[in-house]
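Everything below concerns the one structure shown next.
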């Protein structure tokens with residue numbers, strides 16, 4: 001069986017720092033491999049929804065954890081000055097002792113750009129920003145001094161010290177088959193499939209392999225990851241009402257909780273659904289547990305599902 005990585009998202013929206021740190025410590029103790037935050041400046045449904053800023057939060061989580069990897073799902077490349085972003089990530093990775101995964105994407109929420117004084121470009125241009133940002137970050141973290149001239153990303157005599165303690169893995173998130181997956185094939189260590197496209201995981205992974213082969217890259221050298229909602233209960237009877245509630249709460253944003261690859265039901269059913277993903281080449285799962293107190297379903301998952309794959 002291939003090595004399987006299980007990450008879990010930290011409760012972040014409408015949550016206090018005390019709730020975040022409590023969940024982070026408990027998730028690490030349960031045996032999860034990584035902790036993740038979404039990088040939004042506004043709550044996804046409304047600017048009025050409270051949400052803690054991603055990289056500030058990860059810096060704090062880095063200081064109170066010791067083993068788990070830490071990442072963003074995902075940081076919009078054009079939402080911040082790219083050189084400043086690279087410096088921020090390097091600093092968080094120093095606090096963490098080399099545990100950061102840099103999750104990057106193109107972004108989609110216009111107001112979290114424009115309300116903060118940043119241009120929200122058309123998607124084709126945001127994808128260029130993504131590619132150029134990844135290229136700059138790699139140089140910042142490995143070269144003594146960097147000059148870079150892209151269409152949107154520019155730097156002259158840029159120095160980033162201290163460097164990250166390890167080579168920071170790059171995750172590219174998104175499902176665009178022509179451009180986003182090509183960028184992932186060319187630049188990323190991990191490609192993450194959006195929860196909303198979970199049912200199309202097999203098709204997307206096949207397209208990623210095509211891009212890898214086209215550029216002469218071994219497809220096995222890039223990890224396939226799935227963002228996923230997990231609705232788990234002690235038995236299928238108890239899970240049924242939870243699944244229906246999750247469908248109403250999330251709509252299609254986190255995928256269909258009743259879809260062919262949905263990870264929902266009893267621990268046995270959840271294990272079967274995870275195996276379906278593995279059979280499609282996916283070996284990394286970034287989980288959003290359903291429930292007000294996500295520590296409860298996470299604990300059941302850790303006890304009844306994790307040991308099966310470790």
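Derivation of every value follows stated rules applied to the coordinates shown; laboratory data play no part. In this text, all values refer to a predicted model and were calculated from it rather than measured experimentally. Glycine gets a Cβ as well: all are built from the backbone with ideal geometry, and neighbour counts include every protein chain shown.
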The percentage of Cα-Cα pairs in the stretch 5-173 separated by more than 24 Å is 35
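Going by C-beta contacts inside 10 Å, put 309, 32 in order with the fewest on the left.
With the sparsest Cβ surroundings first, the list reads 309, 32.
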Alpha carbon centroid spacing (whole Å) that separates the stretch 87-142 from the stretch 259-310: 29
Per-residue [θ]222 nm for the chain (sum of -39500 (n - 2.57) over DSSP H runs n ≥ 4, rounded to 500): -12500 deg cm²/dmol
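Which percentage, to the nearest 5, of the DSSP beta bridges contained in the chain is antiparallel?
Working: 5 of 40 bridges.
For the chain, the DSSP antiparallel bridge percentage is about 10.
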On Cα atoms only, tilt of 123-140 relative to the major axis of the chain in degrees: 70
Given a Förster distance of 22 angstrom, what is the FRET efficiency for residue 111 paired with residue 81, based on the Cβ-Cβ distance and rounded to 0.05? 0.70
Alpha-carbon centroid distance for the pair the stretch 216-253 / the stretch 1-41, whole angstrom: 15
With label points set 7 Å from each Cα along the Cα-to-Cβ direction at residue 210 and residue 45, the distance between them in nm comes to 3.7
Among DSSP beta bridges lying fully in the stretch 5-173, give the percent that are antiparallel, nearest 5. 25
With label points set 7 Å from each Cα along the Cα-to-Cβ direction at residue 25 and residue 220, the distance between them in nm comes to 4.2
Between (i) 6, 27, 37, 24, 6, 1, 0; (ii) 6, 25, 33, 25, 9, 1, 0; (iii) 5, 25, 31, 22, 12, 4, 1, 0, the structure-derived P(r) over Cα pairs in 10 Å bins from 0, in percent is (i)
Here the gain from full extension of residue 161 to residue 197, 0.36 nm per residue of separation minus their alpha-carbon distance, amounts to 9.1 nm
So if each residue of separation counts as 0.36 nm, and I subtract the Cα-Cα distance between residue 67 and residue 124, what length gain in nm does that give? 16.7 nm
With N residues in the stretch 1-103, Rg(alpha-carbon) / (2.2 N^0.38 Å) equals 1.05
Would you mind computing Rg(Cα) / (2.2 N^0.38 Å) for the stretch 151-310, counting N as its residues? 1.20
FRET efficiency for residue 276 and residue 310 from the Cβ-Cβ distance with R0 = 22 Å, rounded to 0.05, comes out at 0.75
Can you give the extra length, in nm with one decimal, that the chain gains between residue 303 and residue 237 once fully stretched, where that is 0.36 nm per residue apart less the Cα-Cα distance? 21.8 nm
Using the basic label-point model (7 angstrom from Cα toward the beta carbon), what is the residue 148 to residue 296 distance in nanometres? 4.5
